[in-house]
Amino acid sequence: MIITTEIEELSSLEELLPDERELLINASIAKENAYAPYSRFHVGAALLMENGLTILGNNQENMAYPSGLCAERVAFFAAGAQYPKMAIHKVAITAASELFPSNHPIAPCGACRQAMLEYEMNQKSPITLIMRGTTGKVYRVKGISQLLPLFFHEEGLKAHA
Ligand code: THU
């Protein structure tokens, strides 16, 4: 058996569904409020919740570098904190650097993939992920699991009654 994952490459925004285009615009707006004085790399994430609500996140850096957090986890943790029982339908991610053009899709780091996947597993429905730079092609995956096929998942870590 061979395990494969599926990533769609779309050459233009027109190929996205209208709600996905809107989510990318919201991610782009979110990136404007990133706090990224160290990397000067501004990332925005926008979540579409099952009730139609949009939740925004952006990277928040800190002078003690590892204390900062990526845009994706800022958005997912905000959703978890404010709407713990509400499913997340889609997430769009985009980025812009102050130093160079960002014209290819921005893909989430490994730690964010692991964190996002746990929300997906808990809600038992896939979260569509849309990725784009400031311009250029778009990547879309139908589920976070597509980006993390072999992931850390250990039921024994949970307390059993
Ligand atoms: N960053 C994100 O916000 N999301 C990612 O998926 C990758 C990286 C942020 C972290 C840091 O503030 C800056 O981008 C440079 O790594």
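Please return the ranges of strands (runs of 3 or more DSSP E) entirely within region 45-161 where 2 or more residues are closer than 23 Å to T4 by Cα and among the basic types (K, R).
Numbers: elements: 54-58, 88-97, 128-132, 138-142.
By residue number, 138-142.
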Requested in this report: Could you tell me which residue of region 88-132 is farthest from the chain's Cα centre (by Cα), considering only residues that are crowded, with 18+ Cβ neighbours inside 10 Å and among the small types (G, A, S)?
Outcome: S102
Requested in this report: Examine region 152-160 for a residue that is without any contact (Cβ under 8 Å) to a residue 40 or more places away in the chain and either polar (S, T, N, Q) or in contact with a strand residue (DSSP E or B) (Cβ under 6 Å, 6 or more places away or on another chain) (or both), and state whether such a residue exists.
Outcome: no
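I'd like to verify a number: residues in region 65-86 that are in contact with a Phe, Trp or Tyr (Cβ under 9 Å, 6 or more places away or on another chain) and surrounded by 15 or more Cβ atoms within 10 Å (Cβ to Cβ), how many? Full working, then the answer.
Of all residues in region 65-86, those in contact with a Phe, Trp or Tyr (Cβ under 9 Å, 6 or more places away or on another chain) come to 65, 68-69, 76, 79-80.
From the residues that got through so far, the ones that are surrounded by 15 or more Cβ atoms within 10 Å (Cβ to Cβ) too are 68-69, 76, 79-80.
Summing the residues that are in contact with a Phe, Trp or Tyr (Cβ under 9 Å, 6 or more places away or on another chain) and surrounded by 15 or more Cβ atoms within 10 Å (Cβ to Cβ) in region 65-86 gives 5.
I want to confirm something. Restricting to region 32-44 and keeping residues that are among the hydroxyl-bearing types (S, T, Y) and outside any strand (DSSP E or B), which single residue is most open to solvent (accessible area, probe 1.4 Å)? Reasoning before the result, please.
Going through region 32-44, the residues among the hydroxyl-bearing types (S, T, Y) turn out to be 35, 38-39.
Restricting the remaining residues to those that are outside any strand (DSSP E or B) gives 38-39.
Details: Y38: 88, S39: 51 Å².
Per the criteria, the residue is Y38.
Of the residues A78, A46, which is without any contact (Cβ under 8 Å) to a residue 24 or more places away in the chain, small (G, A, S), under 22 Å from A115 (Cα atoms) and touching a Gly at 6+ places or on another chain (Cβ under 9 Å)?
Numbers: A46 fails: without any contact (Cβ under 8 Å) to a residue 24 or more places away in the chain.
That would be A78, the only listed residue that is without any contact (Cβ under 8 Å) to a residue 24 or more places away in the chain, small (G, A, S), under 22 Å from A115 (Cα atoms) and touching a Gly at 6+ places or on another chain (Cβ under 9 Å).
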Report task. Filter region 88-116 down to residues that are in contact with a Ser or Thr (Cβ under 6 Å, 6 or more places away or on another chain) and away from the ligand (no atom under 13 Å from the Cβ) and give me whichever is nearest to A71 (Cα to Cα). Result -> K90
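The values are calculated or read from the model by the stated rules, or taken from the named source; none is laboratory data. None of these values were measured; they are calculated from a predicted model. Because the Cβ atoms are built from the backbone with ideal geometry, glycine has one as well, and the counts that use them run over all protein chains shown. When the accessible area is computed, the model is the full protein with side chains, heavy atoms only, and any ligands, DNA or RNA have been set aside. Shrake-Rupley method; radii C 1.70, N 1.55, O 1.52, S 1.80 Å.
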